[in-house]
Each structure stands twice: as structure tokens, then as C-alpha cells.
Amino acid sequence: MLLAALLAGCSSFSPTGGKVSLRLPEPSPTTARMTAAERREHRRILGSYGGHYENARIQKMVQDTVNRLTAASMRPDLKFRVTLLNSPATNAFAMPNGHLYVTRGLVALANDQSELASVLGHEMGHVIARHAQLREKKARQAAIMSRAVSNALSDPEGGALALAKSKLTLATFSRMQEFEADAIGIKTSARAGFDPYGAARFLADMQRSANLKSGGHGAPTTDFLSDHPSTPARVKMALVDARESGVKGIGARDRNAYLKDLNGIVYGEDPSEGFVRGRRFVHPKLGFSFEAPPGFTLDNTAQAVLGLKDGGDEAMRLDVVSVPAGQSLAQYLNSGWIENVDASSLRAFTVNGFPAATALASGKDWTFRLFAVRFGGDVYRFIFAAKTMTPAIDRTFRASVGSFRRMTLKERKRVRPLRVKIVTVGAHDTVVSMARRMAVSDHRLKRFRVLNGLGTKARLKPGTKVKIVVE
């Protein structure tokens, strides 16, 4: 809850009213067939998900999968086109006009073409069943009913109860749409010749991936599961739908061909957008780096860099704001963008030669240590939060900001993205030995299992292909 507040609560306030994202997506081309509103939404999506991921081989593979599904669908006359997004998030979604979006993070997590087809078929199902239009109609009906009840009833409690019931009805309606889209996707995949059990496998893999990312804290996420029904229920229903489509083994998985196309895909953050390596955040394009306090896990979102400490009692946010050159950083911290700033705690100082200021602010359950650092033409804003602010905790926050520095030109040139590499399992390879080859800084064994859809007791079979992460 605190991370959600840090993500949204203060991001819209600055002296100029603007906030600059730490991510720098490439400009987006528009599509002539889109309406003006659709083009605006298309640009918004690209801005939120790092722009296009430029990989002609993977783009063709994804589009070919969609074309195969379309031909087998209930609406082969519809035209679906795909945009591959440059984001490590595990997500896919569709616009009502048939424009599908899928992140490279989702493509990298899938282990065969039937798993990818299940997700694409799900999103196509939303379009085929006209869920966006039906949801809008249902929302209008709920709003009309709420207004009618409010006008007719003098009892405010009765009106509130009616409103709550209408919201519950809408939520249940949305939940049923997700199950319907799952069923459409699975049945379409089966008709297209794919293994219908790919959906259940991939839903389980996405849940394991989400658990690994959140660390059990329920951190904000832009992943596919964040706004869908609970995964155990969906897996259960997906298995029912798959059984109705045929017995196991009847459809193609095309695993080896899929992994061949996947080889070399970027894993995790793209360095051009900034990336996380353990507790360290590096942004070669903007030319700075810093290290989070001990015990923190960082997440580079489209709006900010978020951090949460193990246990959930401390958190942080880093974003960028525009502050007029004539306004001191101490004045900015006390300008009202966050409440209850202790004016007596305001201090100006320098961080590795850059002007900075700090202050304390208090909330109901949290104490905040605020920092502003002027770097180039922008101001970098650090917001640290602790349930119990002690001198020792405060020192770790100060040390983290003290690590903020300019990267050298050599460092910036040396930074390369992590990539997925497809390797063949040898006679003596094990899950543990393969995990040791993963170029990740934490949870190597868990990440290897999640990336390859392996359970805790799974063993590797010599001669098969697996994914590892390399520099």
C-alpha cells in the first residue's frame, strides 16, 4: 500500500506542474487506420511500456501466431495487428479495434508457441466478444442506477448499499469476461492446432514470476495478472476448457522453434531506460547511478524507481521533476508538494559536487526523509519512508543518496543489456549447475526455474533446450 502511495500520491506535484519519467521511450509511429483517440492511446501505451521492441524475427513470429489464431477463430474476418513492447513486464492487452500489445517480458517467459498463443488468444477473445463495449454499457447502467437510487432514497445508508451492490455487479461482470476470454483463447488455440494445455502452464508460470517479483510484499505491478481473477481459479478453469478441446498431446507446442526465435531477446530492463542490478540502479543514457539501502529490492517502473525493504517497513521512490533554476532546492522541498514538512529540518548540502537539499516530513504511520538533487537541467527527487525512523535507518537513507553520482563515459559505453541465451542441457547438467550460469545478482535458482517453467522437483533431461540469462 505504501509503494502504491509513493507511486501515485506525490507524483503529480511540482512547481511547474510537470514530471519527467526516468524512462526514455523512442518516438512512436502512428497508424493511419487508427482514429485520433486510438492514436493518443497508442502513444500513451508506448510511453508507459518503453516504446517498440525492435526485433524483426520475434515480431514476425508473434504476428504469424496471431494470423494463425485469427484464421481459426469465430471471426476470421477481423484484422489483428501486434505491437511488441520494450518492457520487462509480463503483460499483453488489446484495444477494441483489434490492436494487440505484448511485452518482450511475456514473450521471454513463455516456453513454447502454444503458451504464447494462449495469451494472444485470450486478448483476441476480448475483442471478439466485444468486452470493452459491453463493460462500458454495464458501467453506464450502474451509474444510472446509482443516480436513480440516490435521487429516490432519503436514506443515505440505503443509497450507499445500492451503490456498493452496483460496483460488485460490475466487478463480477468483469471477472466473468476474463474467464470467457480464457475459454475463447483456449478453444481458438486448439482449433489452430496448438496444445490447449499451454494456457494452464503459462498461467502457473506467470503466477510464479509475479511472486518472485513481488517478494511476497504485493508490490505494484504492471503485469498481466494484476487486474485479472486469481490464478488458481483460472488454472482450474483453463484445464476444464483444455479437456473439452481434447486430450493432452493432441496439439503442437513447437518448443524448439519457439526457443530458437527467442534466442538473444533482451531480459529485464533495457539500459537505455535505466536498469537494476541488485541494489544498484544505473541509467547510462541520463548518465547517473545510485545504490539503494541494504535489504532493498528495486523496481524500475515507467513512472519512477521504487524500492521496498525486506519486511515492508521501509520504502523509497526516485523520480525526476522540473524545478525553476531560481528556486532553491530547500524552497522546493517546502513548496507544498508533500504535506507536513518539518521546516526546521531543511538543510542544503552537496552530493558528489551536485547541489542538494533534505528535509523530514511526517505522516500518520510513516516518517519521510526527502532529498532533492540538481543534476543537469533536472532535479532528482528521493523519497524514503520508514514506519519507525531511527538515527541508524536515517543514516542508511543518507548513505543511499550519497551514492548518487555521474557515470564516467567509459562506464556508460560498457553497459550492455542482459539477454536470454538458449543452451542445450549436457549429460551432467542439473538445475543447480545451470542456475549458476545465470548473469543475475539475486535468486538465481528461482529465476532459472521460473524462466523455464520448472517446478521445485523438476529435473533436466540431457539434450533438451533451456533458457539462461547472459551479459
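The values are calculated or read from the model by the stated rules, or taken from the named source; none is laboratory data. Small disclaimer: the values here were computed from a predicted structure and weren't measured. All Cβ positions, even for glycine, are placed from backbone atoms using ideal geometry, and neighbour counts span all protein chains on display. Just the protein is used for accessible areas: all its heavy atoms, side chains included, with ligands, DNA and RNA removed. Shrake-Rupley method; radii C 1.70, N 1.55, O 1.52, S 1.80 Å.
Kindly check whether there is at least one residue in the stretch 69-83 that is modelled with pLDDT of 90 or more, under 18 Å from the mean Cα position of the chain (by Cα) and closer than 24 Å to D195 by Cβ. Within the stretch 69-83 (the criterion being modelled with pLDDT of 90 or more, under 18 Å from the mean Cα position of the chain (by Cα) and closer than 24 Å to D195 by Cβ), the answer is no, since none of the residues qualifies. Of everything listed in (1) buried (at least 18 other Cβ atoms within 10 Å of the Cβ); (2) at pLDDT 90 or above, the single unmet condition for S146 is (2). F224 - would you say it is at pLDDT below 85, aromatic (F, W, Y) and surrounded by fewer than 22 Cβ atoms within 10 Å (Cβ to Cβ)? Criteria not met by F224.
Residues that are β-branched (V, I, T) and surrounded by fewer than 15 Cβ atoms within 10 Å (Cβ to Cβ) are absent from the stretch 391-407. Right, A315: open to solvent by 70 Å² or more (accessible area, probe 1.4 Å), part of a strand (DSSP E or B), within 30 Å of E273 (Cα to Cα) and in contact with a strand residue (DSSP E or B) (Cβ under 8 Å, 6 or more places away or on another chain) or not? In short, no. Among residues belonging to the stretch 94-111 that are in contact (Cβ under 8 Å) with a residue 40 or more places away in the chain and over 16 Å from I265 (Cα atoms), point out the one that is farthest from the chain's Cα centre (by Cα). The extreme case among them is N97. For the stretch 427-471, the tally of residues that are free of Cβ contacts under 8 Å to residues at least 40 places away in the same chain and either touching a Ser or Thr at 6+ places or on another chain (Cβ under 8 Å) or open to solvent by 80 Å² or more (accessible area, probe 1.4 Å) (or both) stands at 11. Just to be sure before I move on: is D442 assigned to a loop (DSSP other than H, G, I, E, B), farther than 30 Å from Q327 by Cα and modelled with pLDDT of 95 or more in the structure I sent? It is false that D442 is assigned to a loop (DSSP other than H, G, I, E, B), farther than 30 Å from Q327 by Cα and modelled with pLDDT of 95 or more.
Is it the case, given these coordinates, that A385 is more than 22 Å from R406 (Cβ to Cβ), surrounded by 14 or more Cβ atoms within 10 Å (Cβ to Cβ) and small (G, A, S)? Against the criterion (more than 22 Å from R406 (Cβ to Cβ), surrounded by 14 or more Cβ atoms within 10 Å (Cβ to Cβ) and small (G, A, S)), A385 qualifies.
Filtering L329, L306, L262 for residues that are at pLDDT below 95 and not hydroxyl-bearing (S, T, Y) leaves a single hit, L306. So which residues in the stretch 360-370 are among the hydrophobic types (A, V, I, L, M, F, W, C) and either surrounded by fewer than 19 Cβ atoms within 10 Å (Cβ to Cβ) or touching a Lys or Arg at 6+ places or on another chain (Cβ under 7 Å) (or both)? L360, W366, listed by residue number.
Taking the numbered list (1) open to solvent by 40 Å² or more (accessible area, probe 1.4 Å); (2) modelled with pLDDT under 90 in turn, D254 passes all entries but (2). When residues in the stretch 413-426 are screened for being loosely packed, with under 12 Cβ neighbours inside 10 Å and not hydroxyl-bearing (S, T, Y), 3 of them pass.
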